[in-house]
Amino acid sequence: MNIRRAGEGDIPRMGELLLQVCRVHHQGRPDLFREGGRKYSDVELLELLKDERRPILVAVDESDRVLGYAFCICQTSQGNPAMQDMTTLYLDDLCVDEAYRGQQVGRALYEAVLGLARSMGCYNLTLNVWSCNESAMRFYEKLGLKPQKVGMEVIL
């Protein structure tokens, strides 16, 4: 397995994986997530690939087939009177193909994202997990992540 920056040729596989992520979210929160939806269209993926502040990493096998991805966003906070100035790498989305889960692909992607954050001089790495996605929460907890803040809601 190899981790590399995503390219235009990876868009079809990333699209398939985006469908898998939405399926998990739809199963957990059908009131919020559409069945068969995707977070990004192919056109949006193409634009993301051009944005240096939004790096996308992919895990590929020996035949260069995408096994998983990690979408990242570099966020800089400066001049806020209540907060320290800092650069954060936000892990927007991480997915491993259902057929390859449990084979350390997610861990390898996460470690590559950590390395990327360090190389960018980031203070921290952050991410959000839907509370209905218990397997993802366990995965991140095993990697040593701790809650930073909690989002709450009331459905009206």
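The values are calculated or read from the model by the stated rules, or taken from the named source; none is laboratory data. Just so it is clear, the structure is predicted and the values come from calculations on it, not from any experiment. Virtual Cβ from ideal backbone geometry, glycine too; neighbours counted across all protein chains shown. These area figures cover heavy atoms from the full protein model, side chains too; ligands, DNA and RNA do not enter into them. Shrake-Rupley method; radii C 1.70, N 1.55, O 1.52, S 1.80 Å.
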*Read through the list (1) closer than 23 Å to His26 by Cα; (2) part of a loop (DSSP other than H, G, I, E, B); (3) touching a residue at least 40 places away in the same chain (Cβ under 8 Å); (4) not polar (S, T, N, Q), then give the number of the only condition that Tyr69 fails.*
(2)
*Would you mention how many residues in region 2-24 are open to solvent by less than 30 Å² (accessible area, probe 1.4 Å) and under 14 Å from the mean Cα position of the chain (by Cα)?*
8
*Residues being touching a strand residue (DSSP E or B) at 6+ places or on another chain (Cβ under 6 Å), of a type in the set (A, V, I, L, M) and farther than 18 Å from Arg53 by Cα: count how many of those fall in region 91-107.*
2
*Per-region count, region 108-124, residues closer than 15 Å to Arg53 by Cβ and hydrophobic (A, V, I, L, M, F, W, C)*: 5
*Looking at region 29-61, which of the residues that are in contact with a strand residue (DSSP E or B) (Cβ under 8 Å, 6 or more places away or on another chain), within 23 Å of Arg101 (Cα to Cα) and of a type in the set (D, E, K, R) is most open to solvent (accessible area, probe 1.4 Å)?*
Lys39
_For Thr88: the one exception among (1) touching a Cys at 6+ places or on another chain (Cβ under 8 Å); (2) of a type in the set (S, T, N, Q); (3) over 24 Å from Pro55 (Cβ atoms)_ = (3)
_Which numbered condition in (1) over 16 Å from the mean Cα position of the chain (by Cα); (2) part of a helix (DSSP H, G or I) is the only one that Lys146 fails?_
(2)
*Output yes when any residue across region 85-104 is closer than 23 Å to Ile11 by Cα, assigned to a helix (DSSP H, G or I), open to solvent by 30 Å² or more (accessible area, probe 1.4 Å) and without any contact (Cβ under 8 Å) to a residue 40 or more places away in the chain, and no when none is.*
yes
*asked:* Whether any residue in region 131-141 is more than 25 Å from Leu48 (Cα to Cα), open to solvent by 30 Å² or more (accessible area, probe 1.4 Å), without any contact (Cβ under 8 Å) to a residue 40 or more places away in the chain and of a type in the set (A, V, I, L, M, F, W, C) is what I want to check.
replied: yes
*What number of residues in region 1-42 are assigned to a helix (DSSP H, G or I) and not small (Gly, Ala, Ser)?*
19
